[in-house]
Amino acid sequence: MENTTRIQVPTMAEMMAKGESPDVLFWVGCAGSFDDRAKKITKAFVKILNHLDYKFAVLGTEESCSGDPAKRAGNEFLFQMQAMANIEVMNAYEVKRIVTTCPHCFNTLKNEYPELGGHFEVIHHTQMLQSLIDEGRLTVDGGVYKGKKITFHDPCYLGRANEVYQAPRSLIQNLDAELVEMKRCKSRGFCCGAGGAQMFKEPEKGSKDVNIERTEEALETKPDIIATGCPFCNTMMTDGVKNKEKEEQVKVLDLAEMIATAKDL
Amino acid sequence: MGISNLIFALCVGAAAFLFGKNVIKIKRNIMLGRDIDRSDRSSERWKTMARVALGQSKMVVRPVAGFLHILVYLGFVIINIEVLEIVIDGLLGTHRVFAFMGGFYDFLIGSFEILALLVLVSCVIFLIRRNVVQIKRFVMKEMDGWPKTDANLILIFEILLMSAFLLMQGADLTLQKLGAAHYIQAGAYPVSSFLASLFDGMSMEAVLGFERGFWWFHILGILGFLNYLPYSKHFHIILAFPNTYYSKLEPKGAFTNMESVTKEVQMMMDPNADSFAAPAEGVADEEPQRFGAKDVNDLNWVQLMNAYSCTECGRCTSECPANQTGKLLSPRKIMMDTRDRLEEYGANLDAKEKNPDDGKYLLDNYITREELWACTSCNACTQACPLNIDPLSIILDMRRYLVMEESAAPTELNTMFTNVENNGAPWQFSAMDRLNWKDEA
Ligand code: SF4
Ligand code: SF4
């Protein structure tokens, strides 16, 4: 059954015009805004926020790339120009709290913006969802995921880079699913191959693509679902599963999508 | 004081002098790096050092190697108490000068022997792991030649030192039993009592000769080993401590914001900024620094200290996604190259011409562009490093040089830059379409 209620996505400008301010700014990110697969994650997260009547807003066309790929590729100029422009916009709206579905934006906004004048509380959507569950505001049961075997791929910029390991795992457990760990997980998790601006270029010569190596490892756990919390990891793992011709049996999903589906939103 | 005491004093003095000289040279080399402020949060830094260097917390991630390494490390630290006694004895012509401690002395000597045996066994296992089992990270290309020899030499050195110590103990015990003058009854010999039978039936003079021989071999070996450190990856036993103390405390994902860039960007973005403002005192005549790193002197001193601290263990490389999928990049090689180039750069400074400029650079002559562009910035290397070394920061600084000084990024990345600049996204979508998703089914 396809749910057809339209999602509500207020912008900061609209809120400001009404003299209101949101409880949180949802930083959508470039992938979440433009990439077809990632847009589904964005919408799933918005559906959950709408369902909870959570007062949030997005920057819409006033949002611009966080600068992460430029910075990691060595273009510090471009990064700082992006950062300062974004900070100026957000400071003008007096933004205090930001949630994002992209670990790269999460990391950059949280760790690299403060020095440049952007002081915000930044959280990843898996952290926000888990604390909403802890507060009792969001209730989930397994739904279609009950008893399913799910493995979680740690995004480098969520895990090692910021030591968020537990929130996404708690969410999986909240879905009454069976969490199976890969050999290399948590602080020793193996990269999907997209970080450091690799997403935007062909890989160097080697014996194998990084995402294939990681997908093989994920498939070794014989999962029904490979869960992640990053639009780039999602792309890499989806490509990997297709390469292994396993897309019929194994789905690659973001935790926001799983919660939204479990709640039939 | 006899002639042997004099010779001994000369040996110790010469060893200390030579070692000091080499340490000063290494310090000079490290200080060729750019400044970086790591003087903050000192209590956190002490704790990191206590945990990671003293407590070896990251070694035990690999339990077998971690456990054996802790044995060798403990052995090394504790057996050094014995060296103190040996040095005093050597200088004053005394024998077992600490024996007055009685039961406690017996306990000490007994534990030294047990530790010495454990160190010996561990080193033999390490040698087997490297040369017989050929664990992958020890036989990779960058280990060919000197690095491999270095690793084996260290282990052989330690095995010889421990053997000499135990044999010396065994001979001493025999002499005590024979009632040799000078050889007071002291100490406990849980290991060497089994070796004492080697000296059965020998004349007292012969045993004396052996005892002195092993004694000299042991102490001269230690002095030699000390002077081997500055040429070896084994220097980590000293630098592990400052290296962890000054390691990065920010979350791993936080990369530095380059101050020099901030100034320029602020100037560009703020039309009121006074671009003709007089630079601060003293800054005026300094040559403008390169953006990023082309050579070792463009790196900061923490990165250079990292290079001298690297143990070449390869834990970083064995977790690196690029390396594990057959790319050229190896974070260990990044550190080894940095050290090698820094040594070369330092040697140029010490040569007659005192000119570090030999037409060579860390970039291209040591580290290729292909290696640099293969990094996913995943931080697996920094996580794996038992000494908190940060190869990623060097890779990033070299990318910064390539992009900002040479505009030499791979074409696809240049396209990505243009997109970010023009559309605020790494792909070619119009910034005005950024919210379109909300109305799509
Ligand atoms: S950060 Fe780069 S060098 Fe380090 S492990 Fe990851 S890919 Fe390898
Ligand atoms: S950088 Fe660290 S992990 Fe890598 S080889 Fe050196 S000491 Fe080992």
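Couple of notes before you dig in:
- Backbone phi angles across region A:152-160, fed through the Karplus curve with coefficients 6.51, -1.76 and 1.60 (θ = phi - 60°), yield HN-Hα couplings of 10, 8, 6, x, 4, 7, 9, x, 3 Hz in residue order; Gly and Pro are listed as x.
- Quarter of the Cα convex hull surface for region B:190-276, i.e. its orientation-mean projected area (nm²): 12.6
- With the highest mean first, a sort of the peptides B:167-176, B:391-400 on other beta-carbon atoms found within 10 angstrom per residue produces B:391-400, B:167-176.
- Computed from backbone phi, the HN-Hα couplings of region A:40-55 come to 5, 5, 3, 5, 4, 5, 5, 4, 5, 4, 4, 4, 8, 6, 6, 7 Hz, rounded to whole numbers (Karplus: 6.51 cos²θ - 1.76 cosθ + 1.60, θ = phi - 60°; Gly and Pro given as x).
- Here is the size of the protein assembly as shown from its Cα atoms: Rg then Dmax, 30.6, 104 Å.
- Between 0 and 90 degrees, the angle of helix B:3-30 with respect to the longest Cα principal axis of chain B falls at about 10 degrees.
- Computed from the Kirkwood radius of its Cα pairs, the Stokes-Einstein diffusion coefficient for chain A at 25 °C and 0.890 mPa s stands at 130 µm²/s.
- Once the Cα atoms are used to define both axes, helix B:411-423 deviates from the longest principal axis of chain B by about 50 degrees.
- Where labels lie 7 Å past Cα in the beta-carbon direction, separation of residue B:34 and residue A:261 in nm: 4.7
- Region A:176-244: projected area of the alpha-carbon convex hull, averaged over directions, in nm²: 5.3
- Put simply, the amide H of residue A:11, placed in the peptide plane, has neighbours under 5 Å in A:58, leaving out anything fewer than 5 places away on its chain.
- For residue A:163 and residue A:205, the FRET efficiency from 1/(1 + (r/R0)^6), where r spans their Cβ atoms and R0 equals 30 Å, is about 0.35.
- FRET E, pair residue B:43, residue B:184, Förster distance 56 Å, beta-carbon r, rounded to 0.05: 0.75
- Net dipole in debye of region A:37-99 [+1 Lys, Arg Cβ; -1 Asp, Glu Cβ; about Cα centre; nearest 20]: 480
- Simple spin-label estimate for residue B:74 and residue B:250 in nanometres, 7 Å along Cα-Cβ: 3.9
- Amide N proximity, region B:313-343 versus residue B:27 label position 7 Å along Cα-to-Cβ, cut-off under 19 Å: B:343
- Full-extension gain in nm, residue B:106 to residue B:135, via 0.36 nm per residue minus C-alpha separation: 6.4 nm
- Relative contact order for chain B, counting Cα pairs under 8 Å that sit 6 or more residues apart, in percent: 19
- Burial order of peptide ranges B:88-101, B:147-160 (average beta-carbon count within 10 Å, highest first): B:147-160, B:88-101
- Unpaired Cys in the protein assembly as shown, meaning no second Cys C-beta under 4.7 Å: A:30, A:65, A:185, B:11, B:123, B:310, B:313, B:320, B:375, B:385.
- Note on chain B: the alpha carbon radius of gyration divided by the globular reference 2.2 N^0.38 Å gives 1.25.
- Sorted on the mean count of surrounding Cβ atoms within 10 Å across their residues, most packed first, peptides A:65-73, B:19-27 read A:65-73, B:19-27.
- Legend: translational diffusion of region A:12-129 by Stokes-Einstein, Rh = Kirkwood radius over C-alpha pairs, 10 °C, 1.306 mPa s; D = 110 µm²/s.
- Build a GNM of chain B with springs between Cα atoms under 10 Å apart, and of B:234, B:182, B:69 the one that fluctuates most is B:182.
- Folded to 0 to 90 degrees: helix B:63-92 orientation relative to chain B principal axis, Cα: 50
- Rolling a 1.4 Å probe over the protein chains gives residue A:18 an accessible area of about 150 Å².
- Couplings for region A:244-256, taken from phi via the Karplus curve 6.51 cos²θ - 1.76 cosθ + 1.60 with θ = phi - 60°, read 8, 6, 10, 5, 6, 8, 10, 9, 10, 9, 8, 4, 4 Hz in order; Gly and Pro are left as x.
- Residue among B:295, B:40, B:390 with the largest mean-square fluctuation in a Gaussian network model of chain B, springs linking Cα atoms under 10 Å: B:40
- Proximal lysines to residue B:294, defined as alpha-carbon separation beneath 18 angstrom and excluding residues fewer than eight positions away on the same chain: A:71, B:333, B:360
- The charge dipole of chain B, taken about its Cα centre with unit charges on the Cβ atoms of Lys, Arg (+1), Asp and Glu (-1) only, comes to about 1280 debye.
- Taking every DSSP helix (H) stretch of at least 4 residues in chain B, weighting each as -39,500 (n - 2.57) and dividing the sum by the residue count yields a mean residue ellipticity at 222 nm of -18500 deg cm²/dmol.
- Dipole magnitude for region A:12-129: about 440 debye, using +1 per Lys or Arg Cβ and -1 per Asp or Glu Cβ, origin at the Cα centre.
The values are calculated or read from the model by the stated rules, or taken from the named source; none is laboratory data. These numbers come from a predicted model, not from an experiment. Neighbour counts are summed over all protein chains in view; Cβ atoms, including those assigned to glycine, are modelled from backbone coordinates with ideal geometry. Side chains are part of the model used for accessible areas, which takes the heavy atoms of the whole protein and leaves out ligands, DNA and RNA. Shrake-Rupley method; radii C 1.70, N 1.55, O 1.52, S 1.80 Å.
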